[in-house]
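Right, one structure below, let's go through it.
The values are calculated or read from the model by the stated rules, or taken from the named source; none is laboratory data. In this text, all values refer to a predicted model and were calculated from it rather than measured experimentally. FYI the Cβ positions are ideal-geometry reconstructions off the backbone, even for glycines, and counts take in every protein chain you see. Side chains are part of the model used for accessible areas, which takes the heavy atoms of the whole protein and leaves out ligands, DNA and RNA. Shrake-Rupley method; radii C 1.70, N 1.55, O 1.52, S 1.80 Å.
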Amino acid sequence: MSEEKKRLPVGVENFEQLIKDNYYYVDKTGLISELLRNGGMVNLFTRPRRFGKTLNMSMLEHFFSIEGDKNIFDGLEISKDKKLCEDYMGKYPVISVSLKGINAATYETAFSFAVQIVKEVAATMQFLLESEQLSAYDKSEYQKLLDDSMSEAVFCSSLKKLSILLEKHYRTKVILLIDEYDVPLAKAFENGYYDQMIFLIRNLLEQALKTNNSLKFAVMTGCMRISKESIFTGLNNFTTFTITDVDFDEYFGFTDQEVRDLLTYYECTDKYKRIKVWYDGYRFGNVAVYCPWDVVSYLRSLRTNKEAIPQNYWVNTSGNAEVKEFIRQSKSATTKREIECLMAGEEIIKTIRPELTYKEMYHSIENIWSVLFTTGYLTQAGALDGQKYKLKIPNLEIRDIFKTQIMEYFKESVKKDGDTLSRFCDALKNGEEKKVEDIFESYLKKTISIRDTFVRKARKENFYHGILLGILGVKEGWGVFSNQETGEGYSDILIETENSEVAILIEVKYANDEKLDQACERALKQVEERKYDQELRENGVDKILKYGIACYRKRCKVKLADL
């Protein structure tokens with residue numbers, strides 16, 4: 001390329017590093033002025049993972065902090081507001097804490113992690129030991145925050161205590177930033193010490209946010225808006241900005257214009273449509289946004305390989321437990337139909353509960369709808385009232401996660417029902433076409449079907465092909481090959497039974513017009529014309545069964561070619 005381009009900030013969450021080390025920055029500094037004009041005393045921003053929460057918190061820290069380098073904001077949007085910069089930039093002591101690292105199997109270990117986090121924050125303020133504004137008692141209280149054997153009581157008062165000491169030293173009130181406040185709660189819920197962690201975090205926040213006279217204002221971020229009853233009891237100075245709120249809607253995630261500018265800068269404008277269908281589709285407040293993590297990750301791939309295809313980058317950043325649990329609980333025919341609609345790119349209407357405790361999340365399928373919405377697996381396509389929303393899957397990346405989880409759950413179910421699996425495989429091997437048809441149709445009726453209308457050009461056979469592979473892949477001792485080159489083309493599925501005594505060729509067709517018989521004939525004709533069995537015969541396989549399987553929605557027809 002003609003000029004040396006800025007680096008792409010994949011995983012860079014420190015604002016100062018991003019600016020000084022010449023990374024590309026999508027300017028979100030307008031968040032600062034909006035926060036000062038429209039924010040409350042305690043502000044909670046809830047957004048899904050990977051939407052730039054931590055980078056925004058780092059930006060706030062560097063802007064307000066007395067210790068900050070003011071030059072890093074030169075040329076950015078906020079620098080145009082001279083009066084605001086004069087009044088607020090570099091004027092406050094800032095305490096910045098991330099609870100992201102409190103991830104442990106037991107409460108004891110989690111508490112040790114929490115202590116280390118507070119110690120590290122306190123250790124950056126050792127100038128307090130020399131402060132002429134602090135008494136000997138103040139300094140001894142500060143020393144407790146550097147101690148490994150910190151008690152729960154000292155931990156819970158730590159942020160408040162630091163605020164008081166910093167206010168005394170600087171003679172000005174303190175800004176408190178708490179990033180990923182709900183991660184410790186999520187991990188505690190997963191590992192069985194939720195009640196203890198709720199108690200700890202509630203006490204920490206209550207002292208830091210409710211009874212703290214040294215506080216100028218506070219900002220918190222998280223994925224979930226945990227109900228006030230469980231953690232924010234009595235916080236009446238508390239304002240929440242969720243994905244449904246119009247306030248601050250453009251400051252988390254990339255807008256369409258920001259993505260276009262990025263693509264222009266990196267000379268990848270020809271990839272716009274592809275990036276849009278894979279990573280756009282979220283709606284926060286009134287703004288359509290892309291997931292920044294995905295856009296930047298894909299752009300980095302494109303810089304080394306212009307032909308790179310979009311990947312599912314989100315899947316590597318979480319275990320997708322929410323979708324797994326949702327699929328597991330979707331027993332009712334209604335829920336299955338709703339998922340099928342979503343997978344086909346349609347919208348469904350649901351009542352959303354914005355506040356849930358982790359204990360309530362998976363209590364009911366209705367609660368899980370709210371969780372999927374909050375965590376970014378579903379997005380809104382419009383509100384009907386304050387609670388009812390039209391929901392949809394935002395893009396191909398998230399649809400891919402649903403598809404994977406649906407197939408995984410299907411395979412698990414097949415594994416558990418060994419009797420049906422044995423009957424199906426025996427019928428296939430014995431050439432019992434009617435029995436194969438009946439059992440395969442019973443599988444289709446039980447599973448959630450994935451109609452590939454989301455990608456217009458995709459072959460509808462893919463889903464049925466996947467279901468067959470899901471069933472046959474569980475059969476031990478059989479070699480199952482998909483789209484293997486055989487003869488003059490590719491058979492859909494080739495099976496070699498134990499000891500290669502029987503080979504089975506399966507060609508799957510989708511019967512658009514519901515004419516299942518004719519679709520079966522088409523499948524068998526293709527097997528013959530393309531000589532899929534040629535290589536098998538050359539390898540000495542005598543018994544080859546050739547099946548044509550035609551499918552339409554949840555119905556199927558199976559025909560066996562004459563031997």
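How high is the relative contact order of the chain? Use alpha-carbon pairs under 8 Å, at least six apart in sequence, and give a whole percent.
For the chain, the relative contact order is 11 percent.
Given a 1.4 Å probe and the protein chains all in place, what does the accessible area of Asp195 round to, in Å² to the nearest 10?
Only protein atoms counted, so the area is about 100 Å².
Got the relative contact order for the range 1-112 handy, in percent, Cα pairs under 8 Å and 6 or more residues apart?
25
Hey, if we sort Asp542, Asp517 by accessible area with the 1.4 Å probe, largest down, what's the order? Intermediate values should be presented prior to the final figure.
Working: Asp542 135, Asp517 75 Å².
Accessible-area ranking of Asp542, Asp517, largest first: Asp542, Asp517.
What trypsin sites (Lys or Arg not before Pro) in the range 322-374 are in a loop by DSSP, with at most 11 other Cβ atoms within 10 Å of the Cβ?
Qualifying residues, ordered by number: Lys331.
With all protein chains present, calculate the accessible area of Lys210 using a 1.4 Å probe and round the result to the nearest 10 Å².
Lys210 has an accessible surface of roughly 100 Å² with all protein chains in place.
Order Asp270, Asp492 by their accessible area, 1.4 angstrom probe, all chains in place, largest first.
Asp270, Asp492
Please report Rg over Rh for the range 100-223, where both radii come from the alpha carbon positions and Rh follows the Kirkwood definition. Walk me through the intermediate numbers first.
Details: Rg = 14.7 Å, Rh = 15.0 Å.
A ratio of 0.98.
Along its three principal axes, how long is the range 341-387 when you only count alpha carbons? Whole Å, largest extent first please.
The Cα atoms of the range 341-387 stretch 31, 24, 16 Å along the principal axes, largest first.
Please work out the Cα convex hull volume for the range 118-179 and give it in Å³ per residue.
82
For the range 1-57, how big is the tail of P(r) above 12 Å, as a whole percent of Cα pairs?
73
Hey, how many Å between the Cα centroid of the range 515-563 and the Cα centroid of the range 113-140?
The range 515-563 and the range 113-140 have Cα centres spaced 76 Å from each other.
Calculate what fraction, in whole %, of the accessible area of the chain sits on carbon and sulfur atoms when a 1.4 Å probe is rolled over the protein chains. Could the numbers behind the result be given before it?
Details: 11420 of 24950 Å².
Answer for the chain is 46 percent, counting heavy atoms of protein chains only.
What percentages make up the Cα-Cα pair-distance distribution of the range 65-137 when the bins are 5 Å wide from 0?
3, 12, 15, 15, 13, 13, 14, 9, 5, 1
How many times 2.2 N^0.38 Å is the alpha carbon radius of gyration of the range 268-422?
1.14
Cα convex hull of the range 207-326: how many Å³ per residue?
165
Out of all DSSP beta bridges with both ends in the chain, state the antiparallel percent to the nearest 5.
Of all bridge pairs located within the chain, approximately 45 percent are antiparallel.
Please list, short to long, the whole-number percent of alpha-carbon pairs of the chain in consecutive 10 angstrom bins beginning at zero.
Final binned percentages: 3, 15, 22, 21, 16, 11, 7, 4, 1, 0.
If you count only protein heavy atoms and use a 1.4 Å probe, how large is the accessible surface of Lys6, to the nearest 10 Å²?
My reading of the accessible area for Lys6 is about 80 Å².
So what's the gap between the Cα centers of the range 328-344 and the range 1-68, to the nearest angstrom?
Between the Cα centres of the range 328-344 and the range 1-68 lies a distance of 39 Å.
Calculate how many DSSP beta bridges within the range 479-563 are antiparallel, expressed in % of all such bridges and rounded to the nearest 5. Display every interim value, and only then the final one.
Numbers: 16 of 25 bridges.
Antiparallel bridges make up about 65 percent of those DSSP assigns within the range 479-563.
Cα axis of helix 365-374 to longest principal axis of the chain: angle in degrees, 0 to 90, nearest 10?
Taking the Cα atoms of the chain, the angle to 365-374 is about 60 degrees.
Give me the net charge of Glu180's neighbourhood, meaning all other residues with Cβ under 14 Å from the Cβ of Glu180; Lys, Arg count +1, Asp, Glu -1.
That sum, taken over residues with Cβ under 14 Å, equals +4.
Filter the GluC sites (Glu not before Pro) in the range 469-563 down to the DSSP loop ones having no more than 16 other Cβ atoms within 10 Å, then list what survives. Spell out each step's value before the answer.
On the way: sites: Glu476, Glu485, Glu488, Glu496, Glu498, Glu501, Glu507, Glu514, Glu521, Glu528, Glu529, Glu535, Glu538; in loops: Glu476, Glu488, Glu501, Glu514.
Qualifying residues, ordered by number: Glu476, Glu488, Glu501, Glu514.
Please report Rg (one decimal) and Dmax (integer) in Å for the Cα set of the range 280-341.
Over the range 280-341's Cα set, Rg and Dmax evaluate to 16.1, 47 Å.
Using Cα pairs under 8 angstrom and six or more residues apart, how large is the relative contact order of the range 49-123, in percent? Intermediate values should be presented prior to the final figure.
Values: 54 pairs, mean separation 19.7, N = 75.
Computed value for the range 49-123: 26 percent relative contact order.
Only sites in a loop by DSSP and with at most 16 other Cβ atoms within 10 Å count here; which trypsin sites (Lys or Arg not before Pro) in the range 237-308 make the cut?
Lys306
Could you work out Rg/(2.2 N^0.38 Å) for the range 223-293, with Rg from alpha carbons only?
So the Cα radius of gyration is 1.48 times the expected 2.2 N^0.38 Å.
Can you give the direction-averaged projected area of the convex hull of the alpha-carbon atoms in the range 15-173, in nm²?
Its average projected convex-hull area is 11.1 nm².
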